[in-house]
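Some notes on the structure that comes next.
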Amino acid sequence: MKKTKSLRVIACAAVCAALSIVLGKFAAIPIGNTIRISFENLPIIFCSVAFGPAVGGTCGAVADLLGCILRGYDINPLSTLAAAAMGIVPGTLTKYVFRSRTALPVATSALASHAVCSVVLKTLALHIAYAAPLGALFAQRGLTYAAIAPIEAYLCVLIMKNSAVKKELAANDREKDARHGKIRDRKAIGERK
């Protein structure tokens with residue numbers, strides 16, 4: 001049973017990485033070399049909140065690397081680290097700080113990850129890679145993600161409220177807890193009786 005669950009997690013993470021690539025590299029609206037309007041982080045945030053920071057970080061890094069290869073972009077290691085951080089931050093916040101996957105913690109985690117990763121870390125990575133003026137780059141990306149982040153946070157909350165998603169994640173949590181001898185509060189994970 002353990003292999004089945006881990007295969008499900010790997011498969012879901014792979015689908016999230018693929019969605020991120022499509023949304024970020026193929027369905028994005030580019031504005032110059034440094035700004036791209038897309039919802040590429042939504043699948044990464046979902047993966048992180050659903051399966052934890054390790055799976056989310058891996059999903060973010062894989063999506064960035066494969067997306068760059070598929071589009072013929074230069075691989076920027078700092079940008080890849082920022083993409084991995086985009087997968088680590090929301091999972092860390094929901095799992096270890098809030099200890100809940102309900103609406104407010106998920107939305108807060110998504111917004112915080114955008115502030116730290118999209119606005120600060122990726123902006124610094126782009127500044128280093130392209131020698132773009134840092135102030136202008138922060139202003140452009142800050143305004144872009146001031147619009148994108150709330151939309152992605154709201155969409156992530158809607159996905160996490162879906163009854164099928166809740167049921168699957170609750171079953172995954174119960175099995176994981178049974179292996180570790182823990183008892184989980186149903187309210188803390190947003191599961192209905």
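The values are calculated or read from the model by the stated rules, or taken from the named source; none is laboratory data. None of these values were measured; they are calculated from a predicted model. Note that we place each Cβ from the backbone using ideal geometry, even for glycine, and neighbour counts take in every protein chain shown. Just so you know, the surface numbers come from the protein's heavy atoms only, side chains and all, with ligands and any DNA or RNA stripped out. Shrake-Rupley method; radii C 1.70, N 1.55, O 1.52, S 1.80 Å.
Scanning region 135-149 for residues that are open to solvent by 30 Å² or more (accessible area, probe 1.4 Å) and under 24 Å from Ile88 (Cβ atoms) gives Phe138, Ala146, Ala147. None of Glu152, Glu175 is acidic (Asp, Glu), surrounded by 17 or more Cβ atoms within 10 Å (Cβ to Cβ) and either modelled with pLDDT of 90 or more or more than 17 Å from Ser109 (Cβ to Cβ) (or both) except Glu152.
Okay, residues lined up against (1) at pLDDT 90 or above; (2) in a helix (DSSP H, G or I); (3) touching a strand residue (DSSP E or B) at 6+ places or on another chain (Cβ under 7 Å); (4) within 18 Å of Ala50 (Cβ to Cβ):
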position	(1), (2), (3), (4)
Ala147	yes, yes, no, no
Glu168	no, yes, no, yes
Arg184	no, no, no, yes
Glu191	no, no, no, yes
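Scanning region 141-162 for residues that are among the polar types (S, T, N, Q) and either within 14 Å of the chain's Cα centre (by Cα) or under 10 Å from Val119 (Cβ atoms) (or both) yields a count of 1.
Of all the helices (runs of 4 or more DSSP H) wholly in region 1-115, which have at least 3 residues that are small (Gly, Ala, Ser) and either surrounded by fewer than 22 Cβ atoms within 10 Å (Cβ to Cβ) or in contact with a Pro (Cβ under 6 Å, 6 or more places away or on another chain) (or both)?
2-21, 103-113
In this structure, is Ser163 at pLDDT 90 or above, out of contact with any helix residue (DSSP H, G or I) (no Cβ under 9 Å at 6 or more places or on another chain) and either on the phi < 0 side of the Ramachandran plot or open to solvent by 30 Å² or more (accessible area, probe 1.4 Å) (or both)? Taking the combined requirement at face value, the residue satisfies it.
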